[in-house]
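The values are calculated or read from the model by the stated rules, or taken from the named source; none is laboratory data. Computed from a predicted model, the values in this text were never measured in an experiment. Cβ coordinates were reconstructed from backbone atoms using ideal geometry, including for glycine residues, and neighbour counts include every protein chain displayed. Accessible surface areas use protein heavy atoms only, side chains included; no ligands, DNA or RNA. Shrake-Rupley method; radii C 1.70, N 1.55, O 1.52, S 1.80 Å.
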Amino acid sequence: MDNNQRRYIFVTGGVLSSLGKGITSSSIATLLKHSGFKVGVLKIDPYINVDPGTMSPFEHGEVFVTYDGAETDLDIGHYERFLDVNFSSKNNFTTGQIYSAVIERERKGGYLGKTIQIVPHIVDEIKDRIRLASEEVEVLVVELGGTVGDIEGLPFLEAMREIKQELGSRQVMSVHVTLIPLIKAAGELKTKPTQHSVQELRRIGITPQVIIARSEKPLPSELKKKLSLSCDVNLDSVIVAEDAPSIYQVPINFMREGLLSPITRYLQLEKLEPNLNDWDRLVKQILSPKEEVTLAFVGKYLNLKESYKSLTEALIHSGANLDIRVNIKWCDSEEIENKGVEVLEYVDGILVPGGFGMRGVKGKMEAIRYARENDVPFLGICLGMQLALIEFMRNHLGVLGADSVEFDKETSDPVVYLIQDFIDQNGEKQIRTKTSPMGGTMRLGEYECQIKANSRLQDAYQGYSSIKERHRHRYEVNPAYRSQFETAGLIVSGESNGLIEALEIAEHTWFIGVQFHPEFTSRLQSPNPLITSFLKTMLNCKKQAR
Ligand code: GLN
């Protein structure tokens with residue numbers, strides 16, 4: 001792509017966080033993609049952590065994993081789900097990464113004795129990484145995390161300002177997302193916080209061309225005029241983003257609100273005519289589907305659903321494509337431990353997602369036992385699969401000491417053991433690992449998985465004998481126990497270089513555990529086949545029971 005043709009759209013946020021900048025950036029990119037452009041999205045996180053890999057899910061929500069094994073912000077997941085493309089480690093960076101790289105270069109003498117400063121050295125490193133992310137695309141949407149006015153955001157805003165100065169206004173535009181709060185007592189929508197936020201941006205040298213105003217209610221035309229005048233943007237560039245019933249409705253709403261005309265005008269593009277027919281159909285099926293099923297989601301971070309973002313979105317994608325709504329019954333695993341499995345009666349399927357640590361594990365295993373013994377469709381993901389094996393070994397085979405060394409280092413039967421132990425016994429076998437700062441070897445990113453012929457897994461993956469899915473775990477099924485559990489009916493249906501990737505019970509309607517995370521590859525327009533097959537089975541079982 002010619003550097004003189006590439007366009008950049010910088011998306012910043014004002015007033016407060018959690019305004020949906022990720023969905024805004026994804027939606028702008030979606031409209032451009034469906035208009036025929038090759039589009040990329042980059043998320044910049046101004047925090048000092050090198051990546052979110054070590055952050056608590058309570059602090060940060062889900063850690064999204066790219067195919068090349070980067071642990072990234074969950075917004076990268078939104079970008080992939082909207083755009084149906086694989087992004088990489090290049091599409092997310094943090095202040096921590098920028099400073100680490102600059103300091104490392106300085107230590108190696110890479111700056112030839114110069115004094116290293118935020119301007120130009122840190123800002124130059126930021127600009128280099130923005131360029132790197134734009135290499136293969138025609139339009140790069142760059143989302144800056146946090147809010148204008150944050151101290152840690154300043155070097156990034158400076159980088160954006162400089163890029164515009166270097167490339168000019170035909171190649172670079174700025175979109176500012178803000179909140180128009182509704183003061184309930186007065187029944188009034190207020191524009192003042194937006195005016196202040198735009199003033200702050202302009203003080204730094206950035207004038208936004210478009211304002212995306214988040215609002216609970218439609219904005220009266222006089223308020224739009226006021227925003228236009230006070231924020232120095234054209235009237236057609238004040239785009240009102242009312243709360244939408246589905247995030248996938250947002251690109252359609254933006255188009256109706258006329259967002260494409262300022263983008264076309266400022267970036268001097270030909271008329272944009274996105275084809276959203278298929279997208280529109282899927283959104284309609286999300287909002288008013290023909291059928292519904294109820295799924296028990298047995299987890300422990302239930303007060304923070306953001307930590308299961310990719311999975312709940314994947315259920316929406318598969319549901320939309322099957323024209324069914326998935327009603328999620330959130331089941332706290334610790335409550336199952338205390339109160340029993342009654343909450344699982346009358347559900348159409350049971351899902352045990354990934355997780356770390358001992359808390360809630362007992363309740364998850366009780367849910368798995370219920371699914372196994374009552375022939376309820378079951379999907380176990382990562383930890384969910386490891387627990388399915390432990391449950392089977394203990395309750396079906398009577399190996400009472402069966403455990404994961406994650407929960408008991410001294411266990412008599414380590415049926416789930418450390419990846420490092422697997423590597424020590426079997427050799428490296430091209431496992432892409434990262435030694436996490438918390439200790440332990442983490443297996444990350446995409447791997448090929450060979451599927452056993454005529455298994456349920458193969459049926460789910462539409463007959464394919466090899467697939468690729470993404471991983472994030474420190475522990476593995478211990479192959480020393482393989483013949484014992486296979487003889488008893490828990491079959492290995494997926495493998496990768498000797499690593500056990502999938503287990504299923506042949507005698508069960510649909511009981512599958514997978515070491516990978518199918519949710520990371522699900523997109524609205526190409527849902528994950530395993531999750532789709534799970535939902536399809538749930539629906540069939542529900543219909544048969546009628
Ligand atoms: N805690 C388990 C492991 O590290 C499972 C991880 C997960 O579910 N993502 O292997």
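Separation of the stretch 299-350 from the stretch 385-429 is 26 Å, based on Cα centroids. If you sort the three axes of the alpha carbon gyration tensor as a ≥ b ≥ c, you get a/c of 1.5 or more for the stretch 194-276 and a/b no higher than b/c, which makes it oblate. Taking the accessible area of the chain, probe 1.4 Å, and keeping the other protein chains in place, the carbon and sulfur fraction comes to 48%. For the cross-link pairs Lys108/Lys434; Lys300/Lys543; Lys33/Lys226; Lys226/Lys309; Lys217/Lys305, the ones whose C-alpha atoms lie over 28 Å apart are Lys300/Lys543; Lys33/Lys226; Lys226/Lys309. Please compute the Cα-Cα pair-distance distribution of the chain with 20 Å bins starting at 0, giving whole percents from short to long. All Cα pairs, binned at 20 Å, distribute as 21, 49, 27, 3 percent. Each Cα pair under 8 Å and six or more residues apart adds its sequence gap; the mean of these over the residue count of the stretch 1-112 is a relative contact order of 26 percent. As a length-normalised measure over Cα pairs under 8 Å and 6 or more apart, the relative contact order of the stretch 223-370 settles at 21 percent. Amide H to amide H distances under 5 Å link Asn92 with Lys43, where only residues 5 or more positions off or on other chains count and H is placed in the peptide plane.
Relative to the longest principal axis of the Cα atoms of the chain, the long axis of helix 277-287 makes an angle of roughly 60 degrees.
The residues neighbouring Met173, those whose beta-carbon lies less than 10 Å from its own, together hold a net charge of +4 under the Lys/Arg +1, Asp/Glu -1 convention. The C-alpha atoms of the chain define a longest principal axis, and helix 123-134 lies at about 60 degrees to it.
Quick one: helix 95-107 against the long Cα principal axis of the chain, what's the angle to the nearest 10°, folded into 0 to 90? Once rounded, the angle reads 80 degrees. Rounded to the nearest 500, the 222 nm mean residue ellipticity of the chain from helices alone is -10500 deg cm²/dmol, with -39,500 (n - 2.57) taken per DSSP H run of at least 4 residues. The residues of the stretch 289-410 present an accessible area of 39 Å² per residue when probed at 1.4 Å with all protein chains retained. Ordering of 282-292, 372-382, 415-425 by packing is 372-382, 415-425, 282-292, highest average first (other Cβ atoms within 10 Å, averaged per residue). Quick note on the stretch 28-118: its Rg to Rh ratio, both from C-alpha atoms and Rh being the Kirkwood radius, is 1.08. Charge tally for Glu469 (other residues, Cβ to Cβ under 10 Å; Lys, Arg +1; Asp, Glu -1): -2.
The loop-placed GluC sites (Glu not before Pro) in the stretch 481-539, going by DSSP, that have at most 11 neighbouring Cβ atoms within 10 Å of their Cβ come out as Glu507.
Bridges between two residues of the chain, per DSSP, are antiparallel at a rate of about 35%.
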